[in-house]
Structures are given as C-alpha cells and as structure tokens.
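Q: After the structure tokens below, expect a handful of questions from me.
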Amino acid sequence: MSIALVISGIRSNDWKTEILNLLPGTKVEIYPHIEDFKTVDFILAWKPDQGYHNQFPNLKVIQSAGAGVDHLYLDLLPEQVTICKIVDPMLQKDMLEHVLTCILSSMKNFPDYFLDKFLKRWRPQKYQTIEDVTVTVLGLGKIGSYVAAGLVRFGFNVRGWSSSPKDLEGITCFSGEGSLYESIRDADFIINILPLTADTRGILNGYFFQACGPGTVLLNVGRGGHVVDRDLLEAMDGGNIKAAYLDVFQHEPLPEEHPFWQAKNLFLTPHVASRTNIKSSVGQVVENYKRMMHNQPLLNEVSRKKGY
Ligand code: OXD
C-alpha cells in the first residue's frame, strides 16, 4: 500500500512533508518517480495529465488536492475508484477575502482612481455604499454559501442561485435552470462559484450576458470552462458587463495571445482566489488514506453523477 502524489505545480514536496509528519513510515512517492506502480492504491492529484490513472492498476482512491474535481477526468476513471475532494474552512474564508477585495475595489472605483493618479486627473466617480449593492452568487455549495453569508454580514443585498433548492438565512435563493436569469436581473455583481460539470460548462454565455446589466460586474472564481470567452468580450463591448474579475481560465496559464490580456476593465489573477492550505487540509487526506485501509466510508466523497 502506498500513496502517489500526482500534482502539477510546485507543491508536491510540501504535501509529502506534511503527509509524512502525520503518517511516518508510509511510502509516499512523487509521480513519475514511482518504484512500483502496482503498490499504489491512493493518489493525491492536482491537474494530472489525461490517462494518468491507467498506470496504477490497483488504485482505490483519488483524492483531489483542491475543492474542484473537474481536473481529474471523472468520466474516464474506473467505477471502483472512489473520488474525494478537499472541504476546508480555510478555502471558504480565503475565497470570501478574494471576493470582497474585488467587490470593494470595484464599487469604490479604485481601478479608475489608480489610473487617474498617473494622469493627474481629479475625477470623482459614482459614489456607492454596501447597502446600495446587490450581489448574486452562482453556486451555493460549501464555498458559495459561506461567501454569500459573509456578504450578508457585511450588509450587501445577496441573492444566490443553485441547481437544487436552498434555504439560507438572509439570502434570496433561486434554483433550477428556469430561474437563473431572474436571479441575476439588475444585480450589480455576479460571482460565479459553480462547479464545472456538463450542465454548467459555458453557462456564462451570450444569453446569460443579455440578461445582465447594463453595468454588471462579473467575478469568475469557478472555472474558466464556465465562460464563453468571446461572448464575455462582446458583452463588455456592449456595456452589459462593465468589468470582469477573472481568476480562472479555459487554459492556464492564460496563453499570451489571448484577447483577455488586452481587454479594458478586465482584471486577471492567476488562479489564486483560494488556494488549498496544505497544513489545514492534510488531516482529511491522511484520514481518508486510513479509512481506505480499513474499508470505511471516506470523507468528502464526490458524486460522479453530479460531478462534484
Ligand atoms: C480548487 C481550486 O479547486 O483551487 O481548490 O481551484
């Protein structure tokens, strides 16, 4: 029995150290340096290459190193493999921090004033306070509902939309495809925190943008695959979307030739809205490894049918 870390990026060594702190003596290897692929039954994965799992004939569990699982190629995984995701209060708190930073900066016109300073231009813009502002949160899972509740605490008017019905204090909740456009009508800010599934891919498209605004600000902290990029640029040209704060993209890193780099009022961050905190998440990874060894139900299992 052993653990393989199939993690793109630079954090494999940190994961390995933290896992070994809690499970000393366990074999933890960093892909592709695996001594014997047959002994691996547990993978911790982040954005692995397609087909990665085929090399591990005795795999029992794939644990995402983040909240999302769309990067794991769920449809291709053998039925007997259990898939889990990270659920961590730190991910929720960090997401709220990111979202608040974008909303407050936008509603207080900081991007304009930043530019004006360079141009020595004294130009007061529309004055807004939190009570004037309506925010719609798309996706009311663990992170989305935490963000929505946080915005309520700050005094925003908050609406939420999810695929299945939710009843959350202080939030006007909408559910189901039929009420999506109603949930965003006249919203000042729309925050996308949906999981990426076959049903939500391309949900932020031309029809969606027609139902917005004019003058809506879009925050995408879900996945790049939710957005039809060309439709967003058109909606920004047409004024329905006044500004967009994008943290996630169809292809990451965002290719140099992508028009988003040049688009005015489109602010980019490099998928950093809420990064898994290894120290606070490692406990559930280790717990799942132990549970797997004792054939017990795992924490934060993913429904393949729902895709999250
Ligand atoms: C995640 C992410 O899924 O960082 O955790 O996008």
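The values are calculated or read from the model by the stated rules, or taken from the named source; none is laboratory data. This is a predicted model, so every value here is computed, not measured. Virtual Cβ from ideal backbone geometry, glycine too; neighbours counted across all protein chains shown.
Q: Tell me the residue from ALA235, ALA263, ALA273 that is modelled with pLDDT of 95 or more and under 17 Å from the mean Cα position of the chain (by Cα), please. If you could, list the steps in order and put the result at the bottom.
A: Working: ALA235 fails: under 17 Å from the mean Cα position of the chain (by Cα); ALA263 fails: under 17 Å from the mean Cα position of the chain (by Cα).
Being modelled with pLDDT of 95 or more and under 17 Å from the mean Cα position of the chain (by Cα) holds for just one of ALA235, ALA263, ALA273, which is ALA273.
Q: Take the stretch 237-272 and flag every residue that is hydrophobic (A, V, I, L, M, F, W, C) and within 16 Å of the ligand (Cβ to nearest atom). First the steps, then the outcome.
A: Of all residues in the stretch 237-272, those hydrophobic (A, V, I, L, M, F, W, C) come to 241, 243-244, 246, 248-249, 254, 260-261, 263, 266-268, 272.
The answer is LEU246, VAL248, PHE249, LEU254, LEU268, VAL272.
Q: So which residues in the stretch 27-63 are farther than 13 Å from LEU5 by Cα and touching a Ser or Thr at 6+ places or on another chain (Cβ under 7 Å)?
A: Residues satisfying the conditions are THR39, LYS60.
Q: Which residues, taken from the stretch 273-306, are assigned to a loop (DSSP other than H, G, I, E, B), away from the ligand (no atom under 13 Å from the Cβ) and not hydroxyl-bearing (Ser, Thr, Tyr)? So that I can check it myself, show each step before the final result.
A: Initially, the stretch 273-306 is screened for residues assigned to a loop (DSSP other than H, G, I, E, B), giving 273-277, 294-300, 302-306.
Narrowing the set further to residues that are away from the ligand (no atom under 13 Å from the Cβ) leaves 294-299, 303-306.
If the condition is that a residue be assigned to a loop (DSSP other than H, G, I, E, B), away from the ligand (no atom under 13 Å from the Cβ) and not hydroxyl-bearing (Ser, Thr, Tyr), then HIS294, ASN295, GLN296, PRO297, LEU298, LEU299, ARG304, LYS305, LYS306 are the ones that fit.
Q: Another question, then. Quick one: GLY25 ticks every box in (1) under 29 Å from GLY141 (Cα atoms); (2) more than 16 Å from the ligand (Cβ to nearest atom); (3) surrounded by fewer than 18 Cβ atoms within 10 Å (Cβ to Cβ) bar one, so which box is it?
A: The failed condition is (1).
Q: Is it the case that the stretch 122-138 has a residue that's within 16 Å of the ligand (Cβ to nearest atom) and either modelled with pLDDT of 95 or more or farther than 23 Å from HIS271 by Cα (or both)?
A: Of the residues in the stretch 122-138, the ones within 16 Å of the ligand (Cβ to nearest atom) are 138.
From what's left, either modelled with pLDDT of 95 or more or farther than 23 Å from HIS271 by Cα (or both): 138.
Taking every residue of the stretch 122-138 in turn, at least one turns out to be within 16 Å of the ligand (Cβ to nearest atom) and either modelled with pLDDT of 95 or more or farther than 23 Å from HIS271 by Cα (or both).
Q: Now a separate question. Quick check: anything in the stretch 77-94 at positive phi and not in a strand (DSSP E or B)? Show your work before the answer.
A: Pass one, the stretch 77-94, residues at positive phi: none.
Taking every residue of the stretch 77-94 in turn, none turns out to be at positive phi and not in a strand (DSSP E or B).
Q: For the stretch 65-76, which residues satisfy the criterion of being more than 9 Å from the ligand (Cβ to nearest atom), at negative phi and surrounded by fewer than 21 Cβ atoms within 10 Å (Cβ to Cβ)?
A: Step one: list which residues in the stretch 65-76 are more than 9 Å from the ligand (Cβ to nearest atom), which gives 72-76.
Those left that are additionally at negative phi: 72, 74-76.
Within the stretch 65-76, LEU74, ASP75, LEU76 qualify.
Q: Out of the residues in the stretch 197-235 that are within 16 Å of the ligand (Cβ to nearest atom) and buried (at least 21 other Cβ atoms within 10 Å of the Cβ), which is nearest to MET107 (Cα to Cα)? Before you say what the answer is, go through the steps one by one.
A: Residues of the stretch 197-235 within 16 Å of the ligand (Cβ to nearest atom): 197, 200-201, 219-227.
Going one step further and asking which of them are buried (at least 21 other Cβ atoms within 10 Å of the Cβ), we end up with 200, 219-223, 226-227.
Working: THR200: 28, LEU219: 13, ASN220: 17, VAL221: 18, GLY222: 21, ARG223: 24, HIS226: 24, VAL227: 23 Å.
That would be LEU219.
Q: Identify, please: which residue in the stretch 35-64 is small (Gly, Ala, Ser) and crowded, with 18+ Cβ neighbours inside 10 Å and is, among those, nearest to the ligand (Cβ to nearest atom)? Please lay out each step first, then the result.
A: In the first step, residues of the stretch 35-64 are kept if they are small (Gly, Ala, Ser); the result is 45, 51, 64.
After this cut, where a residue has to be crowded, with 18+ Cβ neighbours inside 10 Å as well, the list is 45, 64.
Numbers: ALA45: 11, SER64: 7 Å.
So the residue we want is SER64.
Q: Let me ask you something else. Starting from the stretch 198-219, take each residue that is on the phi > 0 side of the Ramachandran plot and list its partners that are surrounded by fewer than 16 Cβ atoms within 10 Å (Cβ to Cβ), counting only C-beta distances under 8 angstrom and pairs at least six apart or across chains.
A: Pairs that qualify, where the first residue is on the phi > 0 side of the Ramachandran plot and the partner is surrounded by fewer than 16 Cβ atoms within 10 Å (Cβ to Cβ), are GLY213/GLY239; GLY215/GLY239.
Q: Under 9 Å between Cβ atoms, which residue pairs at least 6 apart in sequence (or on different chains) link something in the stretch 264-291 that is free of Cβ contacts under 8 Å to residues at least 12 places away in the same chain with a partner that is within 16 Å of the ligand (Cβ to nearest atom) and in a loop (DSSP other than H, G, I, E, B)?
A: Going by the 9 Å Cβ cut-off, the qualifying pairs are ARG291/LEU299.
Q: Would the stretch 236-256 turn up any residue that is more than 25 Å from SER12 (Cβ to Cβ), surrounded by 15 or more Cβ atoms within 10 Å (Cβ to Cβ), in contact (Cβ under 8 Å) with a residue 40 or more places away in the chain and small (Gly, Ala, Ser)?
A: Among the residues of the stretch 236-256, at least one is more than 25 Å from SER12 (Cβ to Cβ), surrounded by 15 or more Cβ atoms within 10 Å (Cβ to Cβ), in contact (Cβ under 8 Å) with a residue 40 or more places away in the chain and small (Gly, Ala, Ser), which makes the answer yes.
Q: Please go through the stretch 95-147 and give me each residue that is crowded, with 21+ Cβ neighbours inside 10 Å and part of a loop (DSSP other than H, G, I, E, B), ordered by number.
A: VAL133, GLY139, LEU140
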